[in-house]
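Just below is one structure, and these are the notes that go with it.
The values are calculated or read from the model by the stated rules, or taken from the named source; none is laboratory data. On a predicted model such as this, the values are computed, not experimentally measured, just so you know. We place every Cβ from the backbone using ideal geometry, glycine too, and count neighbours over all the protein chains shown.
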Amino acid sequence: MGSSPKTSAPTASAAGPSSAKHSASQPIEPTTTPAPAVATLSTSPEIPQTSTSYTGPQPKKIPRAQIEAERARKLGERFKITIEPHEWKSSSQTTEAYRVEKPIRMRIHRTCHRCNTTFGANKICGDCQHTRCTKCPRYPVKKAGGKGKSAEGMGKRAMGTGFAAGKIEADDCEGLKRIWVLTRPSKTGGQELVRKKPMQRVRRTCHDCSTLFSPGNKICDRCGHVRCEDCPRDPAKKHKYPDGYPGDAPSSNPTRPLKFTCHQCTKAFPPIPPSNIDSLTPECTQCGHQKCAECPRVKPKKVDPEPDPDVVRSVEAKLAALKIGGSALRAAGA
């Protein structure tokens, strides 16, 4: 008898992948798919992780509005413009930033004085192997007065620490260092006239040939005579220089008395006539030493003249008239 073939139940091999994975003997567990990561905006940056052993300056939280306002102020001062707040304000005004306050440091360059090579981190020149010394120039140049202690800096430091600001000003003696120049406009419209200290023009004439000496020269250009005490001076000041003018050679006049100085106490001897220079040996009025060959001649120098007796008497009379006696004082007190 013909019979139709029997259909058998589906086996695991003929089943699909889903039926093979979840069979009747194993319960189906719900599966969860990870949600996609959503980017979140933080209002403030995180502080970088620092080790606990760090003892330097710590970061501080500063609003970005303050940073941008300071930046706008500096730009306005630099370019001479006015920046309105709505021109520099941005959407990040509510955020904050971290800043680390560090002391201002100056970059110093040292150059080898032998080969003009700039030193690196070490103190040995990489070109000529010269060890850095005090002759090697430094840029910027070190300020006078020690390690960065200038007069202006010391004054500002004293103002900020020892004195109240605005009450006492530090005296830096700037007015004494300044040279004041007084000028006046010229009548002809040219260069301004500058006030200068009045100076006296002195002329010396050779007494042999009556020729003027050139400025700064002690030898006559015409006759070769060396300027001496007999060469006249214009204007003459015999009361201040009775023994001649400084820098002059001794006089060649044989009738002029000679003056010598004691070599022990530098006291001048009385004048000696040239005819008695060998016979007279005067004694010093200060130490009693007799003139010898070691006693030099008196060099020309300025001598303060003695006061006029008539002037001294008139001054004394005026001072005596200003005195008030004891009787007058008692009468005034009564």
For this session: Please work out if Gly224 is under 16 Å from Ala249 (Cβ atoms) and either among the hydrophobic types (A, V, I, L, M, F, W, C) or in a loop (DSSP other than H, G, I, E, B) (or both).
Result: yes
Seminar exercise, completed: Per the filter on region 260-270, residues crowded, with 16+ Cβ neighbours inside 10 Å and part of a loop (DSSP other than H, G, I, E, B) are Cys262, Phe269
Exercise. Does at least one position in region 220-236 carry a residue that is surrounded by 11 or more Cβ atoms within 10 Å (Cβ to Cβ), under 48 Å from the mean Cα position of the chain (by Cα), modelled with pLDDT under 85 and within 28 Å of Arg203 (Cα to Cα)?
Worked result: no
Exercise. Listed residues Lys299, Lys318; which is among the basic types (Lys, Arg), outside the structural domain of Lys238 (by TED's automatic domain parsing) and in a loop (DSSP other than H, G, I, E, B)?
Worked result: Lys299
Exercise. Among the residues of region 135-145, is there at least one that is at pLDDT 85 or above and of a type in the set (D, E, K, R)?
Worked result: yes
Exercise. Is at least one residue of region 253-264 at pLDDT below 80 and in contact with a helix residue (DSSP H, G or I) (Cβ under 6 Å, 6 or more places away or on another chain)?
Worked result: yes
